[in-house]
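Visitor: After the structure tokens below, expect a handful of questions from me.
What follows draws every value from the coordinates through simple rules; no lab data is involved. Nothing here was measured: the structure is a model prediction, and the numbers come from that model. Cβ coordinates were reconstructed from backbone atoms using ideal geometry, including for glycine residues, and neighbour counts include every protein chain displayed.
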Amino acid sequence: MTIIRFAEEARLSGAVAHAGLLHLAGQVADDASLDAEGQTADILTQIDALLAAAGTDKSRLLSVTIVLADIGDAAAMNRAWDRWLDPANKPARMTIQAALVDPAWRVEITGIAAIPPPVSAPPDAGMNDLA
């Protein structure tokens, strides 16, 4: 089975697809000067882009882990999350507090999403056009 890597950097890939699943690396805000709500919105935009690159979207997220540098930022993070969330397709989610590598980062998010199988045409598709 093929392994596909997205948004490769020196030490990691932003996401890795294998066996119908997309594994997201921990995503952090591009703009660390934002508050927790702003950083969360920034990260969710990045996640949307990674999901789209792999041919999937947030409705197919299976699980998400959110790491907050300060659990006191949970309400601010949840405001951005709630605006972004597909309410008909909520993933399993865990939120924890832990120190992040850069002290300016308030939020880091990782997750796993299902990748839909490729759509194939029925065996007789287009055959009527030949008559």
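Visitor: Out of everything in the range 82-114 that is in a helix (DSSP H, G or I) and in contact (Cβ under 8 Å) with a residue 12 or more places away in the chain, what residue ends up being nearest to ALA49 (Cα to Cα)? Write out each step before concluding.
Guide: Of all residues in the range 82-114, those in a helix (DSSP H, G or I) come to 82-84.
Those still in the list that are in contact (Cβ under 8 Å) with a residue 12 or more places away in the chain too: 83-84.
Working: ARG83: 17, TRP84: 13 Å.
Ranking the qualifying residues of the range 82-114, first place goes to TRP84.
Visitor: Against the definition (surrounded by 13 or more Cβ atoms within 10 Å (Cβ to Cβ), of a type in the set (Asp, Glu) and farther than 24 Å from PRO116 by Cα), how does GLU9 come out, yes or no?
Guide: Working: surrounded by 13 or more Cβ atoms within 10 Å (Cβ to Cβ): no; of a type in the set (Asp, Glu): yes; farther than 24 Å from PRO116 by Cα: yes.
Here the answer is no, as GLU9 does not meet what is asked.
Visitor: Restricting the search to the range 22-75, which residues are in a strand (DSSP E or B), without any contact (Cβ under 8 Å) to a residue 60 or more places away in the chain and either on the phi > 0 side of the Ramachandran plot or buried (at least 19 other Cβ atoms within 10 Å of the Cβ) (or both)? Steps first, please.
Guide: If we filter the range 22-75 for residues that are in a strand (DSSP E or B), which is where we start, we get 22-28, 61-68.
Those left that are additionally without any contact (Cβ under 8 Å) to a residue 60 or more places away in the chain: 61-68.
Selection gives LEU61, VAL64, ILE66, VAL67, LEU68.
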